[in-house]
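Read the figures in this text as sums done on the coordinates, not as results from a lab. This structure is a prediction, so every number in the text was calculated from the model and none was measured. Here the Cβ is made from the backbone with ideal geometry for all residues, glycine too, and neighbour counts use every protein chain on show.
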Amino acid sequence: MGEPHSQPAPSELSRRAFLAGTTAAAAGLAVAGPERLWAGPASQPAATTHPSTPLVVQARSEYVIEGRTVQKTILGEMLDWCLSTLTGTATAADAWKSVLRPDDVIAVKFNQSAAMGLGTTPAFAQILIESLIHAGWKPEQLVPIEVPDTIHQAFGTTRPSTDWQEEEVDFGSGRDQLAGVLKQVTAIVNVPFMKTHNIAGLTASLKNLSHALVKHPARFHDNHCCPYIGDIVALPQIRDRLRINIVNALRSVFDGGPDATDDSTWQSGMVLAGIDPVAVDTVCLERLNRERKTNRTRNFKPLPYIDEDRRVVAYLDAASRKGLGCSQLHSIRVAERLF
């Protein structure tokens, strides 16, 4: 890959080591035992900590999706495994209780960009919301964002505020008004897609929050969205509420994103999850890079790595320096399981 940088993209040796590590976990066991992810007891979870070796979990199935038809039973099993493996708990309900308080009002933040083309949001939202309700949260405590109206109708969940807070906040590299829904909720369950992005290189956990929760996102796309993405997510109004990132990668965009077209959409059949949003996005970057070497353009040449020029995804390193997590692939543990 390209020339070295101050925080380099992993070398080919690092990539091979990473692949070997994830292969070792293919049977469904984490590479090492899970860390304690929260400082407080389950009834009072504290602010997220970012261990020196963060854990990202990935469930994958060849059978979970065919076209745009999601096999919900398989998806439910994949989600349960991701939650319990990530948190080191016996059940998905226990996992939710380890990262959320009983009295939390929970924003479940999906992504409406490319949702129509990918076609997986309704099924994913159904399984996720059913899991939270089964774990003990009432529908009115759940605030799904950027979901079809049928989800609110089916579950009786609370609709998100569409207002913007009056006062602008200063996040260092800019100023803007924040979404009113941040005053409505006490916790965020972040549910992005996994997609390439024509400006930021990659859009997953971090960008699903940064450019959706400010009023004027178009102002913050210069320099591949760096350092705006990390600066916005680092605001306490967002960072202190973010509890977990669960990537809907049942279908992913490996080229030409953020829009989804038939030529650029990958039936990836994956769910990824992590507490550390930078680590999750770093693993998503690796997954997309692998697919870009497999899927070839019309002239039968492999697509280049997204981060062949690390500046294209410089916001990952900037977010890491901001204290949001780990952007070095070789420092991330990955647990995988096939379903």
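Each of Lys97, Lys195 has some number of other Cβ atoms within 10 Å of its Cβ, and from fewest to most they run Lys97, Lys195. The H on the amide N of Lys215, modeled in the peptide plane, is under 5 Å from the matching H of Gln177, each at least 5 residues off or on a different chain. Close amide H contacts of Met194 (hydrogens built in the peptide plane, cut-off under 5 Å, sequence separation of 5 or more or a different chain): Val253. Suppose the Debye formula is applied to equal point scatterers at every Cα of region 205-339; what is log10 I(q)/I(0) at q = 0.17 Å⁻¹? Relative scattering, expressed as log10 I(q)/I(0), comes to -1.00. Panel order for Asp94, Asp149, Asp317, by other beta carbons found within 10 Å of each beta carbon, from fewest to most: Asp149, Asp94, Asp317.
Each label point was placed 7 Å from the Cα along the Cα-to-Cβ direction; for Glu130 and Thr73 their separation is 1.1 nm.
This ranking places Tyr305, Tyr315, Tyr63 by how few other beta-carbon atoms lie within 10 Å of each, fewest first, which gives Tyr63, Tyr305, Tyr315. Peptide packing: for 78-84, 257-263, the average count of neighbouring Cβ atoms within 10 Å per residue gives the ranking 78-84, 257-263, highest mean first. In whole angstrom, note down how far apart the Cα centers of region 131-175 and region 222-285 are. Going from one Cα centre to the other spans 18 Å.
In terms of the Cα gyration tensor, with a ≥ b ≥ c the square roots of its eigenvalues, is region 55-188 rounded because a/c is under 1.5, prolate because a/b exceeds b/c, or oblate? Because a/c hits 1.5 or more and a/b exceeds b/c, region 55-188 counts as prolate. With a ≥ b ≥ c the root eigenvalues of the C-alpha gyration tensor of region 246-294, is it rounded (a/c under 1.5), prolate (a/b larger than b/c) or oblate? Verdict is prolate for region 246-294.
Assign one of three labels to region 173-241, namely rounded, prolate or oblate, based on the Cα gyration tensor with a ≥ b ≥ c the square roots of its eigenvalues; rounded applies when a/c is under 1.5, prolate when it is not and a/b is larger than b/c, and oblate otherwise. Taking the square roots of the gyration eigenvalues as a ≥ b ≥ c, region 173-241 is oblate.
Inter-label distance, Thr261 to Arg321: 3.5 nm, where each label sits 7 Å from its Cα along the C-beta direction. Gain on full extension, evaluated as 0.36 nm per residue between Gln112 and Arg159 minus their Cα-Cα distance, stands at 15.4 nm.
Karplus-based coupling profile of region 251-266, in residue order and whole Hz: 10, 10, 9, 9, 7, x, x, x, 6, 10, 10, 4, 6, 10, 9, 10, with θ = phi - 60° in 6.51 cos²θ - 1.76 cosθ + 1.60 and x standing for Gly or Pro. Near the amide H of Leu142, within less than 5 Å, lie the amide hydrogens of Ile106, Thr158, all on another chain or at least 5 residues away, with H placed in the peptide plane. Pairs to check: Lys72/Lys293; Lys183/Lys215; Lys109/Lys207; Lys109/Lys293; Lys195/Lys301. Give those whose C-alpha atoms are more than 22 Å from each other in this structure. Lys72/Lys293; Lys109/Lys293, as the Cα separations exceed 22 Å there. Each peptide in 242-249, 321-328, 107-114, 168-175 was scored by the mean count of other Cβ atoms within 10 Å over its residues; highest first, the order is 242-249, 107-114, 321-328, 168-175. Residue by residue, region 107-117 carries 3J(HN,Hα) couplings of 6, 10, 8, 8, 9, 7, 5, 6, 4, 5, x Hz when phi is fed to the Karplus relation 6.51 cos²θ - 1.76 cosθ + 1.60 (θ = phi - 60°); x denotes Gly or Pro.
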